[in-house]
Each structure stands twice: as C-alpha cells, then as structure tokens.
Amino acid sequence: MAAKGPLRGISQYVIHRLVANYWSLPLIAVFGAPLLGAAVLWTDRAFAGEWLFERGVTLLVAGDAAQDLAIAIVGVNAALLTLYWSVTLIVLTLATANLGVRLVDRWLDKVLTRVSVAGLTFCLVFSIVVLSRIDPEASLAELPHFALAVLFALELVNIAMLGVAIHDLGRTMFVDRSIAHLGTEASSIAIPVVAAEPFAGEWRFALPAPREGYVEGMDLERLRKRLATHEGQVRFCAAPGQHVLKGEPLVQFEYEPRKTKPVLRTVAIGDFRSSVQSTVYQVRLLVEVASRALSPGINDFYTALACADQLAAAMAGHAQTWVDDGLVAVYEHDPRFELPGQDFRGLFEGPLKAFRQAAADYPSVSIRIIENLARLRTLLAEQGCPGALLQFFQTCAAEMHAHARANAEHDSDRADIDRAFDKCLLAVAGEA
C-alpha cells in the first residue's frame, strides 16, 4: 500500500513509488486475471461445473445463450471501465484547474481509487478469458456453468463497487472533505522531537547528498540501531520536504562513521514534493489550497476559511514540538540526532507568512486568522505551553493585523480588523 506517513528510508521510498500510482494494481490485475480465469475453468471442468449442473443450479438454457451472456458482460465491463476513466479525467481536470494539482496526488493515493481501477480491469480480462472458452454449439451439460456463475457474481460486485467509486469520486470534488483530512493528518507528529542544547564542537565529517531532489523522509529508528556503537553527535541538515542539491551536506557527524551507505539508505530523496513528506507537505498544501482559493479567478474565501481553521488545529497538535531560541530540536528517542527545522517553528513559520501574504487582501480571512491565533494562544496558555510559543502567536497576529489593515480599502474593514486584534490583545491581558 502507499505510504501514509513519512518515508522511512530508501526501501520504503522504492516500495511507495511502485504502489502509489495508477498502473501497479491494474498491471497485477491484467496478469492475474488470466491465471485466475484458467484456475476457475479447470475447476469447472474437473468437478464444479458438473456438480452445479446435476443439481440444476445453472443460469442458462442453451450454448448460444451462454455465449450471449458472456459477450454482454464483456461489453458492460468495457463500458464501465471507459466510464470510470472518463469521469476520473473530468474530476482531475476540475481539481487541477481550481485548487491545485497536488490534491490530485492525494486522490491517486487513495486505496479505493486504485482498487476500483484494478477491479474494473480484472473483470474485463477475466470475462474475456471465460468468453474464449464458451462453445455456442456445445450441449447444456458441457457448458462451463461454474465459470459463468463466477463471472456473473463478479459482475454484480463490479457494478456495486463502481457505484461506490463514483460516489467517492464525486465527493472528491467537495474540497472541504480533503481539507478536513489534511488538517487531521497534519495534526499528528511524524517525528517526535525535544529541545536540547546545540552541539558546540566541530563537525568533522559531512555526508553529501547523492542526488538533487526533495527529502522524502528519514528512518531515524533504523539509523539509531545502525549507529548504536558510533560515538558523537549527528546532525541532519535537511528536513523532510526540503530541497537539496547534489553535493550539499545532508548529514554531519562529529566523528566520521565507518560506513556511509547505511546512512544514505535511511534518507530517501525524491524528484518532487509528495504527501509522503508528511506534516510539512500537508501544512503547505493547506496554505496552497487557501492561496489558490483566494486568487481572482476562483475567489472562494469559504475554502480559505476552512484551511485557516484546519491550520489552527494542526498547530494545536504540534505545540509540544516548540523549541526556544538558542536550542535545537533533537530526536526524542536518541538525543544524539539533531534535527534543525523539524520543530514547530520550522513547520509553521514559513506557511503562516505565505498565508498572511495571500489573505491580506481579504479582510474576512485575515480576521479569521487573527481570531484563530488568539484562540490558540488562550488554549495553549491554559495548558502551560512555553511563553515563547505564545509570543510567537502574538507576533503572527500582529503581522497579520498590520498587513491586512494596510491593504484594506474601506474604513469599516479596517475597523473590523482592529476589533479582531483588540480581542487578541485582551486575551493577552487576561493571561497576565
């Protein structure tokens, strides 16, 4: 199955590339259908067909009727496969035009999508195999009753599954559903980190990136076992989702490791951004969807409001990953591993600025962002979160207020923005 979280090294990256696509399951179905068809026909000829016929369990009254039934099922399967592909292209085109191609990547990752295509393909090939073994001039007793019964049962399942798949495909166009899923996934912590003093010594060895691309993920647990006897600190220079150039420092060591290949195998580098980069990708995708929704060609501020709410939920889920200035994030299960850029600030500071820039011309969205930041500050203050994190929210709210107020064209909009920020200030005063 396609990976649902950060990739754990090269092996998971290869497996993900093999299965997280349109062609892998249909290809298996194409090659598996003739084999299963042959097995069903053999079972039919060996005993199953005769057993059904003797008990009067048959759908047919003549050989030509069997052929007509098989031909009809082949035609229906071909039509269903064509229909699903056609509707798929329409939905993907709409998604690409409106809210970004990266939502398409998420849709392709869905199990139901790939299973639907594979099931339609399998049934088409299986029905052709059964049709090829039907003799219209054969007697009723010689017909493959078991194979035809299996074919008919598969067709019923196929039609039912198509209804489910079309329903799911239609709901895919309802972008709020994808936004809600993104917010839920982004709220989970992919790599647990804690704050620690940064290494003050010299990094004596740097392992360069073997290729250009985006860091897909890192298998820190596997590397921890591989470096169990290795002394000294280890610094991962590039966080998941970050772009690296060939030859750039990827991992730094206090002491040179005996072997570097095991280290490289734990860091997967891909050609493009994808959902397997986990939280960093999901957070940025929320901002991208909101930004595109606020573009003049779409102008859908309700979608942007939904993204703002889910981004707030994601930040609440990552409050424990905050690292104060002067400290560095380290892997919770092995403090030797420094992970700069994989703390709260590294995940959310850039996306929040991008969201502010996109929302500054929309007072309603700007006000929602300010209100959400105030709610976050109040909630996390009650939970005893660090003061620096609360101040981070206050700073972001102040920047949003200043930017939105400067761009507002009407006095009433500026007054609304001021009132939202005043509530934020009152929340701060209440904490004091």
Exactly one of 320, 357, 277, 310 is modelled with pLDDT of 90 or more and in contact with a Gly (Cβ under 7 Å, 6 or more places away or on another chain), and that one is 310
Taking first residues from region 328-345 that are more than 23 Å from residue 392 (Cβ to Cβ) and second residues anywhere that are assigned to a loop (DSSP other than H, G, I, E, B), the pairs with Cβ under 6 Å that are 6 or more apart or on different chains are 336/233
Legend entry - Test for residue 290: is it part of a loop (DSSP other than H, G, I, E, B) and either under 19 Å from the mean Cα position of the chain (by Cα) or among the charged types (D, E, K, R) (or both): no
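Which ranges mark the helices (runs of 4 or more DSSP H) fully within region 347-432 that have 1 or more residues being aromatic (Phe, Trp, Tyr)? First the steps, then the outcome.
Numbers: elements: 363-382, 387-407, 411-431.
Fully inside region 347-432 and qualifying: 387-407, 411-431.
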All-but-one check, residue 242 against (1) surrounded by 14 or more Cβ atoms within 10 Å (Cβ to Cβ); (2) more than 26 Å from the chain's Cα centre (by Cα); (3) under 22 Å from residue 351 (Cα atoms); (4) not hydrophobic (A, V, I, L, M, F, W, C), failing number (2)
Checked region 221-231 for anything surrounded by fewer than 20 Cβ atoms within 10 Å (Cβ to Cβ) and either under 15 Å from residue 339 (Cα atoms) or of a type in the set (A, V, I, L, M) (or both); matches are 221, 224, 228
Counting only residues in region 48-74 that are out of contact with any helix residue (DSSP H, G or I) (no Cβ under 9 Å at 6 or more places or on another chain) and modelled with pLDDT of 80 or more, the one nearest to residue 114 (Cα to Cα) is identified as 72
* What do you reckon, is residue 195 closer than 26 Å to residue 281 by Cα, surrounded by 18 or more Cβ atoms within 10 Å (Cβ to Cβ) and among the small types (Gly, Ala, Ser)? -> no
Filter region 259-309 for residues that are free of Cβ contacts under 8 Å to residues at least 12 places away in the same chain and over 21 Å from residue 357 (Cβ atoms); the one that is surrounded by the most Cβ atoms within 10 Å (Cβ to Cβ) is 259
Practice task
Determine whether residue 207 is in a helix (DSSP H, G or I) and in contact with a strand residue (DSSP E or B) (Cβ under 8 Å, 6 or more places away or on another chain).
Solution key: no
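For region 219-286, please list each of the strands (runs of 3 or more DSSP E) lying entirely inside it that holds at least 3 residues being in contact with a helix residue (DSSP H, G or I) (Cβ under 9 Å, 6 or more places away or on another chain).
Values: elements: 234-236, 249-253, 267-270.
So the answer is 249-253, 267-270.
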Scanning region 399-428 for residues that are of a type in the set (A, V, I, L, M) and free of Cβ contacts under 8 Å to residues at least 12 places away in the same chain gives 402, 415, 425, 426
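The values are calculated or read from the model by the stated rules, or taken from the named source; none is laboratory data. Keep in mind it's a predicted model, so treat the numbers as computed, not measured. Cβ coordinates were reconstructed from backbone atoms using ideal geometry, including for glycine residues, and neighbour counts include every protein chain displayed.
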